[in-house]
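Rule-based calculations on the coordinates, nothing more; no lab input. Values in this document were obtained by computation on a predicted structure and should not be read as measured data. Quick reminder, even Gly has a Cβ in these numbers, built from the backbone with ideal geometry, and neighbours come from all protein chains shown.
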Amino acid sequence: MAELVRTPAARFEGLPGYDYDAEYVSVGEPEMAYVDEGEGSETFLCLHGEPTYSFLYRKMVPTLAEHGRVVAPDFVGFGRSEKYTDEDAYSFDAHYDWLVAFLEELDLDGLTLVCQDWGGILGLAAAAHHPERFDRIVAMNTGIPDGTQEMPDVWHEFREAVETAETLDVARLVESGCTSELSDDVLDAYSAPFHTEAVKASVRTWPGMVPLSPDDEGADVMRATRERLADWEEPAFVLFSDSDPIMRSNRDPLRGFFPTAADQPDVWVEGAGHFLQEDAGETVAEHVVAFVDRT
């Protein structure tokens, strides 16, 4: 049985802007950590991607928490969640099943999904397959890869670098996806979850799980996701940053894909990179709140 490890809590003490206690819930064998702030009739489900965790949403949580409950989980293998040291313990289906179990264990509904990168891939799949739990979607710098899409060269370069690096510098991976210069304490915060090289198995494996062929694992889930979301009747807001070389080209097709996306303002978050929550979190949060108010 693959070993499960929890990063020492001391590594998360004193992180800038991230004075949030971790809650834990079992999603099968592993436990997922999550931030749970605010209260009210609105619930914002904030899902991160590679190689970040709920710390990425720290600039957005205060604004969102003024308007409702904010639930920001760390996917298994990331943040304060438990981590496998064996790369074979991770798969597309495992990550998807863990997210669905998370929703079920917390019995979350009435959700406004706020998702980016892998948080978008998995979150949009969850919304498509469990629409009774979701009221709105905010899709940011993400896509719905079913194995028929073309991935840009910069993505292939990123995947190769992550999979082959002898030592992974997770903080520098995040910084490379930002337009802003990150301070040392913020870089340290992105490195904090990974106290050994072995627990970076999650980071090393996630890029390779993007379906590149219709026969790849996960492609069937994403095909079904595309089919179901093509008939999505609830509000959808496609909010991308203008300086993301990996995902920028996905924006217009995704905005055209959701039947209700054209009902929302045609806006870009200016001057922000792939991690728009890091580069412009306060602005992004204001856009999300305005979207909820409109709908």
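Brief remarks follow.
- Cα gyration tensor, segment 226-268 - rounded (a/c under 1.5), prolate or oblate: oblate
- Rounded, prolate or oblate (a/c below 1.5 giving rounded, otherwise prolate when a/b exceeds b/c) for segment 145-295 by Cα gyration tensor: oblate
- For the chain, the relative contact order works out to 21 percent when only alpha carbon pairs closer than 8 Å and six or more residues apart are counted.
- Zone of residue 180's modelled label, taken as backbone nitrogen in segment 1-43 under 20 Å from a point 7 Å along Cα→Cβ: 14-20
- Pairwise centroid distance, computed over Cα atoms, of segment 151-201 with segment 239-295, Å: 23
- Among 44, 78, 257, residue whose mean-square fluctuation peaks in a GNM of the chain (springs only between Cα atoms under 10 Å): 257
- Rounded, prolate or oblate (a/c below 1.5 giving rounded, otherwise prolate when a/b exceeds b/c) for segment 113-156 by Cα gyration tensor: prolate
- Whole-Hz ³J(HN,Hα) from phi, Karplus 6.51 cos²θ - 1.76 cosθ + 1.60, for segment 71-81, glycine and proline x: 10, 10, x, 9, 4, 4, x, 9, x, 8, 5
- The Cα-based radius of gyration and maximum Cα-Cα distance (Dmax) for the chain are 17.4, 49 Å.
- For the chain, the mean residue ellipticity at 222 nm estimated from helices alone is -10000 deg cm²/dmol, where every DSSP H run of n ≥ 4 contributes -39500 (n - 2.57) and the total is divided by all residues, rounded to the nearest 500.
- Given +1 at the Cβ of Lys and Arg, -1 at the Cβ of Asp and Glu and no other charges, the dipole of segment 21-71 around its Cα centre is 240 debye to the nearest 20.
- Segments 286-294, 271-279, 172-180 sorted - mean Cβ within 10 Å per residue, highest first: 271-279, 172-180, 286-294
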